[in-house]
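Down below is the structure, laid out as structure tokens.
FYI, it's all coordinate maths here, none of it is from the lab. Nothing here was measured: the structure is a model prediction, and the numbers come from that model. FYI the Cβ positions are ideal-geometry reconstructions off the backbone, even for glycines, and counts take in every protein chain you see.
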Amino acid sequence: MLDQVIFYLFSAVAVAGAILTVTRRNVVHSAIFLITALLATAGIFLQLRAEFLFIVQIILYVGGIMVLFVFVIMLVNLDVAVRQLRFARQKWVALLISLALAAQVGLMLWSTGKMPGQGVPVLSAVPADKLPPNSEEVAKSLFSSYLLPFEIASVLLLVAMIGAVVMAKRRA
Amino acid sequence: MQAVTQVTTEFVKQYWAPLLCGFAIVAILPLIVGYVVLVERKIMADMQARLGPMRVGPHGLLQPIADAVKLLIKEDIIPEDADKLVFWLAPVLSVGAALLAMAGLAIGPAFQIAKDINIGILFVVGVSALGIFGIVLGGWASNSHYSLIGALRSSAQLVSYETAAGMALVSGLLFAGTLNVTSIVQAQYDQGIWFGLLAPVAFFTYLVASIAETNRAPFDLPEAESELVAGYMTEFSGFRWSLYFLAEYTNMIVVASVATTLFLGGWLRPFPRTHWLDFLDFLPMVLMTGIGIYGLLRVPKQPARVQQLFMLAVAGMCFAAAFVLAAPVLIPFFKSSLIAAVKPYHDGILGGFWFIFKVSLYIYFFMWLRFTLPRYRFDQLMRLGWHFLIPLSIINVLVIGVAMILGSHFHLEGWQLLLTTIPASVLALIIALFILNAEQKSEPQRASGDASDTYA
């Protein structure tokens, strides 16, 4: 009961934050609502006992990326952005993509229980103190079964970082 | 309606203990912060050969209370063109993040709100980093140039120094092998050495980065009063301003607690496994009694009768604290059968004392630096962060890892690990200095007003 209340609370905050993010005129307000939505998502991660994911969401998205967002927002001229027309060019593309996403999620929910091994996995409830330590498990799977994707992602980030440095050097 | 009551009772039943601890922290912390400010003013006065606050209470002991009352009844000013909602939200965000971070800390083995969270240190670091939004949004919402520049400086500073602090923590965590706060301290007990000694370079990096992260002098550029009035909090007054202040000092306590937990052995006393040093368990009691006796000696010298009474009360409180600290140590002497029953209290109370003692030392060091060093220029600050501390901390992680592998290869344990980690740390320092040197040679000293000076 309590779990459900907390889950719906976080979900409602996340959805409301996401909607307000795209509808606010003021960019700083949008950023604040985006932070709210991200924090609420982190809360849902925590409720699923994915502690590591929870803190990574907070440190990387909220503490890192959003700080840079806000930093850039304050450096650029906001008056121009406020007067520009919004929601104009990509209306139909956006509609198409969101419909596809909704269909995918709907299919997954529909197929639950119909075929073995498909749909929403139903896990047996394990008490919190019986769960394996979360960050250790993440590290193990990251450095054993998913080592290659992990390395590819690292190389990708390294390339992006070097690219950024090169571009910044050329400007100066 | 029934569902609501059911959920509420369920919630209270499951979480009454952490809720109580949370209330305790929120209620007591402003008082502690007030007295930290008083101690800071007294130390500053002492270092500058003054007396400091002396009027309110004996030796100014009631000054924090008077300050708090003054701040609460001050006029609350919101600038005309300010963004009202964000202006209201920003200080609350700052304080909320700082207070939330306290939840993950363990003050002694017994007192911790979020018991044994797996991500421990990461939670504290990540959540306390959210306080930066309070600063940036507050600076933006006040619609003032000083505030905005202060906010921009602050976010640039925090983003750069968080990297260094995080990598420094990684070096320490390599020895612990876990993120859990309790297990980190336990690992230091098992290995018989503080990780601050095993990884001195990491400890140094964290020390510098934590000063920068809490916006303390010599890195207090976001609120450099000689150039920016008061930086991001220029337009805030009264209670809102005091919330920012509370957040700043709470953050100091948080970084000091993280450093204590990871590098200074947490709630363990020095040399916890050396038994001939067991007399150190009596130190807290003796210390408190000494302070109490000193207070009693000062009573006749107070000018007013109220102040004499207050001094007596302070001395009495010291004796009471000494009694509480003495009970777990002395009882086993009289009744050896009680040892097992008293053990948890013993560890809890003495552990709490040592933890708070180490945190106080760390904060004292902050204050000492503040009154000793002049403020950095902004480009100097960025140079120090990006060209020295970040390379240093990254290299340090690398060499400490190699040192640990070498150590396990030669079966070194505890103090013997110093044989490999100390040369490794020196090596890291040399490489980082070499990089800094090469950087300065290739890039001749630029005058201020250049690209790196955009947000100064």
Assuming a viscosity of 1.002 mPa s and a temperature of 20 °C, what translational diffusion coefficient in µm² per second does Stokes-Einstein assign to segment B:31-88, Rh being the Kirkwood radius over Cα pairs?
-> 160
Within 10 Å of each Cβ of B:124-133, how many other protein chain Cβ atoms are there on average?
-> 5
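Enter the mean number of other protein chain beta carbons within 10 Å of the beta carbon of each residue in B:81-90, as an integer.
1
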Using the structure shown, select from B:K42/B:K84; B:K42/B:K301; B:K42/B:K74 the pairs with a Cα to Cα distance greater than 30 angstrom.
-> B:K42/B:K84
Using Cα pairs under 8 angstrom and six or more residues apart, how large is the relative contact order of chain B, in percent?
-> 19
Paramagnetic label zone (point 7 Å from Cα along Cα-to-C-beta, B:Y189; backbone N under 20 Å) in segment B:90-106 | B:104-106
Segment B:158-245, Rg to Rh (Cα coordinates; Rh as Kirkwood inverse mean 1/r) = 1.15
Can you pull the semi-axes for segment B:1-44, root of five times each eigenvalue of the Cα gyration tensor, sorted largest first, whole Å?
-> 39, 8, 4
Cα-based Debye curve of segment B:87-194 sampled at q = 0.14 Å⁻¹ gives log₁₀ I(q)/I(0) of -0.66
Cα convex hull volume per residue for segment B:74-266, in Å³, equals 105
Karplus 3J(HN,Hα) series, Hz, for segment B:385-395 with 6.51 cos²θ - 1.76 cosθ + 1.60 (x for Gly, Pro) | x, 7, 8, 10, 5, 5, x, 4, 5, 5, 4
Where does each of B:352-361, B:49-58 land if you order them by average Cβ count within 10 Å, highest first?
-> B:352-361, B:49-58
The orientation-averaged projected area of the Cα convex hull of chain B, in nm², is 28.5
Whole-Hz couplings from phi, Karplus 6.51/-1.76/1.60, listed for segment B:82-93; x for Gly and Pro | 6, 7, 4, 5, 5, 4, 6, 6, 4, x, 5, 4
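Determine by what factor the alpha-carbon radius of gyration of the protein assembly as shown differs from 2.2 N^0.38 Å, reporting the quotient.
So the Cα radius of gyration is 1.05 times the expected 2.2 N^0.38 Å.
Given R₀ = 25 Å, what would the calculated FRET efficiency be for B:H275 paired with B:Q416, taking r from the Cβ atoms and rounding to 0.05?
Efficiency at R0 = 25 Å is approximately 0.80.
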For B:204-210, B:302-308, A:97-103, ranked highest to lowest by mean beta-carbon neighbours within 10 Å, the order is B:204-210, B:302-308, A:97-103
By per-residue mean of other Cβ atoms within 10 Å, what is the highest-first order of B:265-275, B:24-34?
-> B:265-275, B:24-34
CD proxy at 222 nm, helix term only [per DSSP H run n ≥ 4: -39500 (n - 2.57); per residue of the protein assembly as shown; nearest 500] | -23500 deg cm²/dmol
With θ set to phi - 60° and the Karplus curve 6.51 cos²θ - 1.76 cosθ + 1.60, what are the ³J(HN,Hα) couplings of segment B:46-59 in order, to the nearest whole Hz, using x for Gly and Pro?
-> 5, 6, 9, 6, 10, 9, x, x, 10, 7, 8, x, x, 6
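Shielding by partners for A:45-56, please: the mean number of other protein chain Cβ atoms within 10 Å of each residue's Cβ.
Per residue, the number of nearby Cβ atoms from other chains is 3 on average.
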